[in-house]
Amino acid sequence: MHDIRLLRDQMAHLREGMRRRGKLEELTPLLDRAEALEKERRDSIRVAEEAQAERNRISQDVAKRRRAGEDADALMAEGRAIGERIAALETRRQAVESEVSDILLQLPNLTLEEVTEGGEEANRVVRTWGTTREGDVGIAPHWEVGERLGVLDLPRGAKIAGSGFIVYRGGGARLVRALMNFMLDLHVEEHGYEELWVPLLVNRATLTGTGQLPKFEEDMYAVPSDDLFLIPTAEVPVTNLYRDEILEPGDMPRAFVAFSACFRREAGSAGKDTRGLLRVHEFDKVELVRYATPETSRAELELLTSHAETVLQRLELPYRVLQLAAGDTGFSSAMTYDLEVFAPGVGKWLEVSSCSVFTDFQARRANIRYRAATGEKPRFVHTLNGSALAFSRIIAALLEQHQQPDGSVRVPAALQPYLGRDTLR
RNA sequence: GGACAGGUGGCUGAGCGGUUGAAAGCACCGGUCUCGAAAACCGGCAUACCGGCAACGGUAUCGAGAGUUCGAAUCUCUCCCUGUCCGCCA
């Protein structure tokens, strides 16, 4: 969410930001409306507050007369009339304010200067790592090798829950557990993150804080009887950890890592990438979240991304890093790197991580602040997050990239102590 | 799920429906005293928004929301949270 003050004194800047995302034409009516409403909002505040001040004066007079034993009926009648006027003004003011904030919630974040303009086609590969097995013949897609090795049981997953719900078994089940421990240990012990274990069910206030609500309610699994939702990512509970709080000097920066299952209805993507593990309703993920100061957040994006990359390197999976163009950058993000790993069995680059800096866009919405020094005014933190990493696509990539001619799968050295074996066969 | 008891400023804790933004204490900041410190004393000390160059003025906020009233921290209702006891349960 943007600062409402932008509507007052930085309209040109705001319009330019929308243009860079390729959204100016679409959003111009909203921007114009918001600019006018903000003016009306301030006018209506002034008028309503003047009426309230008068009512307060009258009430004081009533009290004074009462104490003096004088008659106050006329004043009370006047107060009643003003009360009605105030109610009307308040109603109007609330309508204006809620329309402004509705619009504000629909405007995407401003991307950083260095983010290139344009849509998906303007995404830039900033670096690659490792050698892909693109073109190697005879590499089976992960669902085939997974079923053959007995590590995946897709039909039974579909039976007990539905398509897009996975049963891992034997070495596959242990692989999930191994990935969890491997990634958490790496980030805690080598990268300095605080480990968290968080609820998978969260309330509306939390989802509103990170922006899933009110706009994306349809994308989530819900428990209506208790008004709770299954989290689509650990970003939601973790970023909200300090919602409505002020961090004191010395509490910054913060770095959190959490494992969680993630639940996505994928309502709009039926029929796309439905085979195997590429797009599922429930998957596991280790998520990194950082609270930074405005001065360091840009540099922390590089740091966070490098932490996610380390996981891929240790798993010996070739990958590339994409810097997303403004038009492809997510709604709340100011700058995003996507990490894509190559899966030779399906012949595709798979997105396994998205590392973003949100500037103060999320923090304003979730009201997460910090004090740089004792006595100073609180400022909004800058939030960052990135997956490190999402399991199901990583498992797909492992089953394909490390597939041997005999159909077995080599386990990368970093994972062997966690998995207790060097080959899945 | 049931029964009680609560939710007031950074903390503790007062608060008859009418100068209560809110007593008092602690903490914190400044000053006096002191070689310095402690103690003592004096003063200051919430946030947000609106208007104003500013001084300052105004409005709102006592868990959240709605209501009663000329006027609500104080009365009514709904919800949320915390504590204790009971029930149920991995």
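Since every read-out is calculated from the coordinates, none of them should be taken as a lab result. Predicted, not measured: the structure shown is a model, and the values here were computed from it. All Cβ positions, even for glycine, are placed from backbone atoms using ideal geometry, and neighbour counts span all protein chains on display.
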>> So if I place +1 on the C-beta of Lys and Arg and -1 on the C-beta of Asp and Glu, and nothing else carries charge, what would the dipole magnitude of the range A:328-377 be about its Cα centre? I want it in debye, nearest 20.
In response: 400
>> Compute, for chain A, the length of the dipole vector about the Cα centre, with Cβ point charges of +1 (Lys, Arg) and -1 (Asp, Glu) only. Units Debye, rounded to 20.
In response: 460
> Using θ = phi - 60° and the Karplus curve 6.51 cos²θ - 1.76 cosθ + 1.60, what whole-Hz ³J(HN,Hα) does each residue of the range A:98-103 get, with Gly and Pro shown as x?
Replying inline: 6, 5, 4, 6, 4, 5
> In chain A, with Lys and Arg counted as +1 and Asp and Glu as -1 at Cβ, which of these residues, A:305, A:75, A:48, has the Cα nearest the positive end of the dipole, that is, farthest along it?
Replying inline: A:75
>> Rounding to the nearest 10 and keeping the result within 0 to 90°, find how far the Cα-based axis of helix A:171-185 lies from the longest principal axis of chain A.
In response: 50
>> Given points 7 Å out from each Cα along the Cα-Cβ axis, report the residue A:331 to residue A:163 separation in nanometres with one decimal.
In response: 2.7
>> Report for chain A the percent antiparallel among DSSP-assigned beta bridges with both residues inside it, nearest 5.
In response: 90
>> One quarter of the convex hull surface, Cα atoms only: what value does that give for chain A in nm²?
In response: 26.3
> Which one of A:82, A:395, A:231 has the biggest mean-square fluctuation once chain A is modelled by GNM with Cα springs under 10 Å?
Replying inline: A:82
> Say the dipole of chain A comes from +1 at the beta carbon of Lys and Arg and -1 at that of Asp and Glu; which of A:31, A:191, A:286 then lies farthest toward its positive end?
Replying inline: A:286
> For the range A:269-425, with only Lys/Arg (+1) and Asp/Glu (-1) charged at the beta-carbon, what is the dipole magnitude about the Cα centre, in debye rounded to 20?
Replying inline: 380
> Taking the alpha-carbon centroid of each part, what is the distance from the range A:10-34 to the range A:87-160 in angstrom?
Replying inline: 23
> Ordered by packing density, taken as the mean number of other Cβ atoms within 10 Å over each peptide's residues, highest first, how do A:31-38, A:220-227, A:281-288 rank?
Replying inline: A:281-288, A:31-38, A:220-227
> Gaussian network model of chain A, Cα springs within a sub-10 Å range: biggest mean-square fluctuation belongs to which of A:98, A:408, A:333?
Replying inline: A:98
>> Rg/Rh for the range A:69-118 to two decimals, with Rh computed the Kirkwood way over all alpha-carbon pairs.
In response: 1.52
> Could you give the angle, 0 to 90 degrees to the nearest 10, between helix A:391-401's Cα long axis and the longest principal axis of the Cα atoms of chain A?
Replying inline: 30
> Quick one: which of A:59-70, A:383-394, A:163-174 comes out on top by average Cβ neighbours within 10 Å, and what's the full order, highest first?
Replying inline: A:383-394, A:163-174, A:59-70
>> Less than 13 Å apart at the alpha-carbon level, and either on another chain or at least 8 residues along: which aspartates and glutamates does that give for residue A:23?
In response: A:117, A:328
> Helix-derived [θ] at 222 nm for chain A: sum -39500 (n - 2.57) over DSSP H runs of at least 4, divide by residue count, nearest 500?
Replying inline: -13000 deg cm²/dmol
>> Skipping prolines and chain starts, which residues have an amide H placed within reach, meaning under 5 Å, of the one on residue A:423, given they are 5 or more residues away or on another chain?
In response: A:411
>> 7 Å from Cα along Cα→Cβ at both residue A:134 and residue A:367: what's the point-to-point distance in nm?
In response: 5.0
> Mean separation of Cα pairs under 8 Å and 6+ residues apart, divided by the residue count of the range A:299-425: what relative contact order is that in percent?
Replying inline: 23
>> Which lysines, if any, have their Cα less than 22 Å from the Cα of residue A:348, not counting same-chain residues under 8 positions apart?
In response: A:272, A:285
>> What does the C-alpha gyration tensor say about the overall shape of the range A:5-105? Classify as rounded when a/c is under 1.5, otherwise prolate if a/b is larger than b/c, or oblate.
In response: prolate
> So which aspartates and glutamates pass the test for residue A:215, namely a Cα distance under 12 Å, with those fewer than 8 places away in the same chain ruled out?
Replying inline: A:102
